[in-house]
Structure formats: structure tokens, C-alpha cells
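The values are calculated or read from the model by the stated rules, or taken from the named source; none is laboratory data. Bear in mind that the values here come from a model prediction, so they are computed numbers and not experimental data. A quick note on method: Cβ atoms are made from the backbone with ideal geometry, for glycine too, and the neighbour counts reach across all protein chains shown.
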Amino acid sequence: MVILKSCSVDSDASATGFVPEEIDLGDDVLAEIILRLPLDSVARSRCVSKDWCAAIAHGYLRRRLRLHMSMICFPDDDGDALGSSRPVYACAGEGRRLEARDLGFFPLHDTAAFSDGCNGLLLCRDPGATEFYVVSPVTRSWAALPRPAKEARLSVLAFDPVGGQHCYHVINFTGWRDRGAAVEVFSSETRAWAARDVEFGGVPSGSLSGAVHCHGGAVYFLASDPDCVVRMDLAAGAGLACTVIDLPEPADGDGRVAHSGGRLHYFCSDGGLLKVWSLEDGRPRPRWRLMHAVRVSDVVEVGGGGEGEVRFLAMHPENQAVVYIWSPWKVVEYDLGKREMTGAAWEFGKGARNRVVKAWLVPSSCYLSDCFADDGLALALNCSAWSGEV
């Protein structure tokens with residue numbers, strides 16, 4: 001790991017010819033300092049010096065950074081229907097509060113529509129044009145994508161910093177077919193769109209749902225009729241090849257898939273039970289194993305007015321028993337093995353009622369800034385945004 005060497009010289013010291021010696025903090029001391037910084041400060045600290053930037057980028061430190069919760073939610077303060085107001089991006093702040101992020105740094109923040117979001121990044125689109133923008137609310141940076149060739153009917157953002165993917169992809173579905181689609185795929189590595197034809201492995205295109213999950217260079221779509229998961233490979237040379245994984249039971253409109261401990265998990269609820277299945281290695285093919293079955297009434301207090309509603313948001317990337325659930329009007333961390341809340345609960349501001357539609361756990365904002373590493377405009381925006389705040 002890079003060892004930080006910090007040398008600061010004030011004007012008085014320079015005038016007298018005195019220059020302090022370099023201070024070698026060492027790996028462990030540096031790690032402990034950075035691990036105690038707030039989420040925003042970790043990202044801003046990359047601009048202190050080349051040594052700081054290299055130290056924060058090193059994998060040893062990254063693996064020790066704590067997870068941060070971020071999400072897209074719809075304000076529902078006036079009791080309006082879901083989607084009647086503009087969505088907001090929120091992060092877990094101090095005091096177990098979920099705080100909306102100010103997107104004022106993005107020039108189109110008042111007019112652009114959210115098309116999708118993934119692991120701390122937002123995919124935005126100008127309603128009056130075909131251009132797309134990828135926005136990082138935490139690092140306060142953004143990148144404009146080149147104009148795609150065709151109008152998109154559905155756009156999906158794929159970004160997996162936890163799985164070691166430092167680039168992002170935007171998948172535009174431009175035309176539906178019986179069991180496939182015409183797509184355009186943008187890669188932040190090539191900074192270009194590529195047209196593709198994709199087949200969904202015999203699954204009707206109309207059965208794919210909006211429940212999309214990204215992990216390890218692949219995108220997972222839940223489908224019904226048949227009940228399955230369609231895995232689309234984004235790796236270069238894979239040609240968006242799709243494989244089909246049968247589900248252990250129907251999703252009934254409220255299923256989700258996620259990865260934890262390197263395994264694919266399937267989460268579903270029938271209104272009374274919350275079930276989590278794990279895809280285990282097996283021959284001749286992998287098989288699902290039921291890991292947990294918990295009564296909804298054990299997780300939240302069931303009552304009228306939607307108080308008993310539960311929505312699965314995410315799983316802990318390593319601990320397969322820990323899940324994150326939305327319940328009016330907060331997000332809770334729940335241990336399915338112990339049948340109890342772990343004490344981690346994030347609430348919205350006093351009187352605020354927000355419905356969370358997507359949530360992610362990302363280990364520090366320094367992952368989020370890597371995806372713009374080759375974009376000179378974004379880097380300039382990063383440094384100008386941080387320069388006065390370090």
C-alpha cells in the first residue's frame with residue numbers, strides 16, 4: 001500500500017527558509033484516519049495530493065471502508081400516488097437520517113428525468129432531446145454521453161464497483177421482438193454506442209419485469225411466464241449472450257434478485273412470509289436452496305393504512321443473512337437468521353413520507369469517482385467542486 005508522506009509549508013516558514021520534514025504516517029495510521037472520514041470527505045481527499053489519491057485508490061484500504069446506503073425515492077408528503085412527484089436521491093447521513101442530495105451542480109437538475117440508477121450513479125435524460133447523462137451525486141460530478149442512434153424505449157444503467165467493475169454501461173432497448181430485442185450499448189471505456197441484437201434464451205420479451213440487478217459484468221432481469229431470471233453478459237466479446245435460470249417459485253410481482261457472498265439470491269414475499277433462496281452449485285445444474293422464511297409480522301407491525309407493507313431493497317454483499325427493507329416510512333437493516341433488527345434504521349426527516357424504489361450499499365464514494373477517470377470534463381468538475389472544501 002502507498003505510504004502517505006505529508007509536507008506542508010506555510011508562508012512564514014518559507015520566508016525563514018525552514019521547511020518541515022516529511023511525515024511518514026505509515027499504512028495503518030493512514031487507513032485509520034481515512035476510515036473515520038465522512039462519506040464526502042473520502043472523495044474530496046483524493047485531491048489533496050498524489051499520495052493521498054493513490055492511498056485511497058489502493059484495494060487494501062477500499063476493502064476496509066464501511067458501506068454507505070444510498071437510494072432513489074419518491075416524496076409522498078401529500079399522500080399523492082407513487083410517481084406523482086419528482087424522485088430524489090438520498091444518502092444515509094448523520095444521526096440515522098436519510099438526507100436528500102443537492103443536485104444543483106448538474107446543469108439540468110431541474111428538468112432532467114431519472115431514467116435509472118445503479119450503485120450510487122444516476123442515469124438522466126433531457127426530456128426534450130435524446131442525450132443521456134450519468135450523474136454522481138456523492139462526488140458531485142457528471143458526464144455527458146454521445147447521442148445514441150435510435151430512440152430508447154427502455155434504458156438501463158449497469159455499474160458494479162463492488163464487483164471490481166470500474167466502468168459503467170447504458171443499455172438502450174430500441175425495439176422489442178417476440179423473444180429478444182434490438183439494443184444499443186454504451187460503455188464508459190470506449191465512450192461509444194454499439195448496436196446489438198439480443199435473444200432472451202426463449203423467454204418472451206413481454207414477460208421481463210422492471211426488477212433489474214447488476215453484478216460482476218452482467219445484468220439480471222426477472223421474468224414471468226415462465227418464472228425465471230434472464231442473465232445478460234456485458235463482457236467484451238460476449239455479444240450480450242443470455243442464459244436462463246428457473247426460479248424456485250413465482251415472483252408474484254414482488255420478487256427481487258441480489259448477490260451476497262458471491263452467490264445469486266432470490267427474495268420473494270406472498271404477503272405473509274418473506275423468503276430468501278440461494279443459488280447453490282450443483283450437478284448437472286445449479287439448484288435453489290431456501291435459506292430463510294420469516295413472517296412479515298415479525299419484521300414490521302402489521303396494521304391498516306399500509307403500515308404492514310414491506311419492500312425488499314438490498315442484501316449485505318457478504319453477510320447473507322442481512323437484508324435491507326423499506327417499511328413506512330424508514331429503511332431498516334434486518335438479520336433474517338436472528339429474526340431481529342440489528343439496530344440500524346434510517347428514517348426520513350420529521351414529517352417526510354418517502355417511498356424507496358431502489359437502494360444500494362457502496363463501500364465509500366472513492367469507488368464512484370473511478371467510473372469518470374477517463375472523462376476530463378468530469379475530473380475537472382470533481383476538482384473544482386472539492387477544491388474549496390478540503
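Checking PHE221 against (1) crowded, with 19+ Cβ neighbours inside 10 Å; (2) touching an Asp or Glu at 6+ places or on another chain (Cβ under 9 Å): exactly one of these is not met. Which one?
(2)
Determine whether the range 239-250 contains at least one residue that is touching a Ser or Thr at 6+ places or on another chain (Cβ under 8 Å), buried (at least 19 other Cβ atoms within 10 Å of the Cβ) and without any contact (Cβ under 8 Å) to a residue 60 or more places away in the chain.
Scanning the range 239-250, I find no residue that is touching a Ser or Thr at 6+ places or on another chain (Cβ under 8 Å), buried (at least 19 other Cβ atoms within 10 Å of the Cβ) and without any contact (Cβ under 8 Å) to a residue 60 or more places away in the chain, so the answer is no.
Out of all the residues in the range 259-298, which are acidic (Asp, Glu) and assigned to a strand (DSSP E or B)?
Residue satisfying the conditions is GLU280 alone.
Can you name the number of the only condition in (1) within 18 Å of the chain's Cα centre (by Cα); (2) part of a loop (DSSP other than H, G, I, E, B); (3) at pLDDT 70 or above that PHE372 fails?
Unmet for PHE372, out of (1) within 18 Å of the chain's Cα centre (by Cα); (2) part of a loop (DSSP other than H, G, I, E, B); (3) at pLDDT 70 or above: (3).
Please verify whether ASP227 is surrounded by 15 or more Cβ atoms within 10 Å (Cβ to Cβ), among the acidic types (Asp, Glu) and farther than 22 Å from GLY337 by Cβ, treating the condition exactly as stated.
It is true that ASP227 is surrounded by 15 or more Cβ atoms within 10 Å (Cβ to Cβ), among the acidic types (Asp, Glu) and farther than 22 Å from GLY337 by Cβ.
Being out of contact with any Gly (no Cβ under 6 Å at 6 or more places or on another chain), modelled with pLDDT under 90, closer than 24 Å to VAL356 by Cβ and of a type in the set (A, V, I, L, M, F, W, C) narrows it down to one of ALA258, ALA236, ALA211, ALA223, so name that one.
ALA211
Starting from residues that are under 17 Å from GLY120 (Cα atoms) and either among the basic types (Lys, Arg) or part of a strand (DSSP E or B) (or both), keep the ones in the range 347-369 and report whichever is modelled with the lowest pLDDT.
Within the range 347-369, the match that is modelled with the lowest pLDDT is VAL362.
State yes or no: is VAL310 modelled with pLDDT under 85 and of a type in the set (Val, Ile, Thr)?
Spelling it out, VAL310 is indeed modelled with pLDDT under 85 and of a type in the set (Val, Ile, Thr).
Working carefully through the options GLU340, GLU280, GLU333, GLU301, find the one that is at pLDDT below 85 and not hydroxyl-bearing (Ser, Thr, Tyr).
GLU301
Pull out all pairs, ordered by first then second residue, where Cβ-Cβ is under 9 Å, the residues are six or more apart or on different chains, the first lies in the range 149-176 and is on the phi > 0 side of the Ramachandran plot, and the second is modelled with pLDDT under 90 and in a loop (DSSP other than H, G, I, E, B).
GLY164/GLY216; GLY164/GLY217
I'm trying to understand the selection: among the residues of the range 139-184, which are closer than 13 Å to CYS214 by Cβ and of a type in the set (Phe, Trp, Tyr)?
Selection gives PHE159, TYR168.
Keeping to the range 98-141, report how many residues are more than 27 Å from TRP326 (Cβ to Cβ), of a type in the set (A, V, I, L, M) and in contact (Cβ under 8 Å) with a residue 60 or more places away in the chain.
Final tally of qualifying residues: 0.
Kindly provide the set of residues from the range 79-116 that are at pLDDT below 75 and closer than 23 Å to PHE132 by Cα, ordered by number.
Result: GLY83, SER84, SER85.
Taking only pairs six or more apart or across chains, which ones have beta-carbon atoms under 6 Å, a first residue in the range 186-201 that is surrounded by fewer than 17 Cβ atoms within 10 Å (Cβ to Cβ), and a second residue that is part of a loop (DSSP other than H, G, I, E, B)?
Qualifying pairs under 6 Å: GLU189/CYS167; ARG196/LEU240.
Here are ALA143, ALA158, ALA149: which of them is closer than 22 Å to ALA194 by Cβ, surrounded by fewer than 16 Cβ atoms within 10 Å (Cβ to Cβ) and not β-branched (Val, Ile, Thr)?
Result of the check over ALA143, ALA158, ALA149: ALA149.
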